[in-house]
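Colleague: Quick one: the structure is below, questions incoming.
Read-outs: derived from the displayed coordinates by stated rules, not from any lab. Please read all numbers here as calculations on a predicted model, not as lab measurements. Methodologically, a virtual Cβ is constructed for each residue, glycine included, from the backbone with ideal geometry; neighbour enumeration extends over all protein chains shown.
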Amino acid sequence: MAAGQGRVTPGAPSVGAALAMALVAGASAWAVGGHDADRTDDQRRDQARVVVARFEGRTEALVRSLELDPTVTAPTSAAVLRVERVTTSGATRPLWPSGAAEAARPISADTRVAMELARDLGRPRAASPSGDTVVVAVAEYAAAAAGSSLNTDTRRRQVAGWRLATIAPDRLLEDVAFPAGDTVRLLLADESIPADVSSTALVAGQPWQLAIDVAGARRLSAGAVGILGTGLLGALFLLVLGIRSRSAIERSRQATVALERETRTVAELGPLLQSSLDLAEVLPAVSIRLSDEFGLSRFAVQLYGDNGRLVDVFALGGRSGEPQDELVLTTGTDELPAGVSASLPLLRAGRTIGRLSLTARQPLHQPQIAALSAAADLIAVATYNVELFEREQASVRRLRELDQLKDAFLGTISHELRTPITAIGGFVRLLRDRWDQVTDTQRLEFLERVHRNSLSLGLLVDDLLDFARLERQALNAPASPIQLDAAVTSIVAQLGPVLGDREISVEVVPVRALANAGALERVMANLLTNANKFSPPDRRIVVRVNRQTTTATIEVLDEGAGIAPEDRDHVFTRFYRGESNAARGTRGAGIGLSVVRELVKQMGGTVAAFPNVPTGTRMVVTLTLAAATSSDGDVPEQGHRIELAPPAVVERSGT
């Protein structure tokens with residue numbers, strides 16, 4: 001009966017009929033059997049018990065003799081044929097009987113297994129029977145060791161060798177007289193056989209059973225045998241028929257339930273996974289649904305990141321293990337044992353995008369594994385759709401930000417171009433219209449301002465050209481060994497007219513580095529004009545060239561307002577100008593420092609912005625040292641400091 005439902009389970013009628021038929025047959029056979037031979041049977045059983053008692057005594061004596069050294073006490077059991085000693089190196093030497101031939105005997109694989117068990121357990125162990133004999137291995141340990149009190153590791157270290165006793169079990173019964181007609185069997189195996197009288201003795205871990213079937217103990221008439229046989233065959237037929245029918249119905253039912261479960265799981269997970277593009281919302285609900293349905297103790301989803309490594313996206317009941325430590329499930333896997341970590345690949349568009357890692361509290365069979373595989377396919381589709389959506393959103397954001405930056409760039413560059421052009425045009429018209437009204441000193445001053453604005457305009461045009469090259473990836477500045485301190489000193493001197501009356505301090509040490517002369521000039525021009533724009537007029541700018549262990553550094557230090565911490569990582573981005581008051585109140589297109597970063601990168605170096613102490617900004621360019629070469633002779637051996645005097649005429653760009 002099915003528990004709690006009150007219905008008959010499939011196959012129950014056949015089983016009941018079989019039991020009824022067997023009971024009727026047995027009762028009939030018992031009634032037909034004669035009772036006249038009871039006394040004779042009792043006498044024969046008593047004789048058999050005497051034989052069994054002698055067998056038990058002789059096996060006990062055999063067991064005791066196996067534990068004795070034959071060189072000291074000779075075996076007393078007739079069943080012992082010979083005893084040999086085997087060393088740990090495999091050498092064999094006869095011990096008993098004395099005077100036996102010194103002939104090496106091959107040791108079988110079963111015997112070696114018995115030797116290892118005897119060594120690890122500290123007790124005699126028997127190998128599988130070979131013909132009419134059995135080999136028993138007895139481990140011998142170092143003199144200071146007692147085998148029974150040692151653990152396995154110590155026994156393995158302390159073993160000194162083995163005694164191998166070859167035993168003929170049949171000799172235990174050589175002089176025993178059996179009643180006529182009785183069937184006597186001596187079995188050396190783990191399984192036992194039914195018998196009228198039997199006894200099992202454990203010899204060196206191997207059960208030896210003496211089974212005696214007493215003749216006449218089960219005598220039945222021919223009619224009783226026929227009735228019993230017919231009844232049992234009929235009962236067996238009904239029983240087999242019922243079991244097969246029940247197994248077929250149960251398999252069909254399990255298949256139907258599994259199919260329903262898989263269909264229901266797929267039907268419920270599909271809309272759930274499509275309800276949101278936020279994995280943080282849908283994966284917890286999916287994991288709880290699958291854990292409840294399949295009895296999962298752990299559920300985790302991992303996706304491959306941009307670096308090709310698996311990244312945990314969600315985990316319930318524990319993190320994912322290493323892929324090589326988990327069983328990979330497929331639709332052809334028959335069973336997943338309970339507590340075994342396994343994984344299912346997440347496949348989409350012909351590639352593996354991640355894996356579903358799980359552990360079940362109960363065994364999962366093929367229908368459940370197939371359902372989980374279908375769920376993994378749905379999760380793969382959902383995660384792939386989320387990935388595509390996030391990529392599209394990121395692309396839209398980047399395009400929108402780029403449009404905004406370019407709009408700001410166009411407005412800024414228009415102003416940056418208009419300012420020096422307007423200044424140049426104004427001074428030129430002033431000279432043209434009032435040439436006779438101005439003095440020579442004023443004419444020189446106006447021309448100097450035109451010159452300064454033209455230089456500022458030239459630097460802006462150079463930035464625009466470099467930016468255009470960056471856009472089409474045509475900017476190329478291969479590095480070669482140059483005398484960095486001399487090059488920087490020369491570039492700073494050339495930029496004097498652009499920097500006006502600014503006090504510039506140059507502190508350099510002799511160093512050769514890998515750089516590009518043209519790119520270095522553009523880098524220094526942009527860094528110095530930036531420092532000049534963002535520093536008060538009465539503050540100086542410091543340029544330093546230093547040598548480190550494997551690199552050379554160029555530092556440009558100003559004493560302006562400095563760069564806000566949140567802007568330091570962004571000032572080298574194209575079109576980025578920051579939101580500080582200093583940035584908003586100063587002219588610039590937002591491309592100079594981005595050009596600096598790309599040029600320095602072309603030369604194999606790096607550039608970074610740091611705060612200056614007590615105020616201002618410290619720009620640091622790091623380049624690789626060139627291989628050691630001989631000095632050109634005109635480079636100072638020690639660090640030197642150069643102070644650049646301001647020009648007589650002072651004019652800032654764009655005024």
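Colleague: Check which residues have an amide H placed less than 5 Å from residue 206's amide H, if you skip close sequence neighbours.
Modeller: Amide H neighbours of residue 206: 126.
Colleague: Residue by residue, what Karplus-based ³J(HN,Hα) values in Hz, rounded to whole numbers, does the stretch 204-212 have, using 6.51, -1.76 and 1.60 with θ = phi - 60° and x for Gly and Pro?
Modeller: 6, x, 10, x, 10, 10, 9, 10, 10
Colleague: Further, regarding this structure: For the stretch 340-352, in order, what is each residue's ³J(HN,Hα) by Karplus, 6.51 cos²θ - 1.76 cosθ + 1.60 with θ = phi - 60°, in whole Hz (x at glycine and Pro)?
Modeller: In residue order, the calculated couplings are 8, 6, 9, 8, 10, x, 9, 10, 7, 6, x, 9, 8 Hz.
Colleague: Based on the Cβ-Cβ distance from residue 151 to residue 251, what FRET efficiency comes out when R0 is 51 Å, to the nearest 0.05?
Modeller: 0.60
Colleague: With r as the distance between the Cβ atoms of residue 538 and residue 334 and R0 = 56 Å, compute the FRET efficiency 1/(1 + (r/R0)^6) and round to 0.05.
Modeller: Here the calculated transfer efficiency is 0.05.
Colleague: Amide H of residue 79 versus every other amide H placed in the peptide plane: which residues, excluding those fewer than 5 positions away on the same chain, fall under 5 Å?
Modeller: Amide H neighbours of residue 79: none.
Colleague: When ranked by the protection proxy of mean other Cβ atoms within 10 Å per residue, highest first, what sequence do the peptides 508-517, 40-49, 360-369 form?
Modeller: By packing density, highest mean first, the sequence is 508-517, 360-369, 40-49.
Colleague: Could the peptides 322-335, 152-165 be put in order, highest first, of the mean number of other beta-carbon atoms found within 10 Å of their residues?
Modeller: The packing order, highest mean first, is 152-165, 322-335.
Colleague: What distance in nm lies between label points placed 7 Å from Cα along the C-beta direction at residue 566 and residue 68?
Modeller: About 9.7 nm separates the two model spin labels.
Colleague: Moving on. Amide H to amide H, which residues 5 or more places from residue 346 or on other chains are under 5 Å from it, using H placed in the peptide plane?
Modeller: For residue 346, the qualifying residues are 353, 354, 355, 356.
Colleague: Another question, if that's okay. Can you give me the orientation-averaged projected area of the convex hull built on the Cα atoms of the stretch 263-390, in nm²?
Modeller: Mean projected area for the stretch 263-390: 7.3 nm², to one decimal.
Colleague: Apply the Karplus parameterisation 6.51 cos²θ - 1.76 cosθ + 1.60, with θ equal to phi minus 60°, to every residue of the stretch 596-613 and state each ³J(HN,Hα) to the nearest whole Hz, in sequence, with x for glycine and proline.
Modeller: Listing the rounded values in order: 4, 4, 5, 5, 5, 4, 4, 8, x, x, 9, 9, 8, 10, 10, x, 8, 10 Hz.
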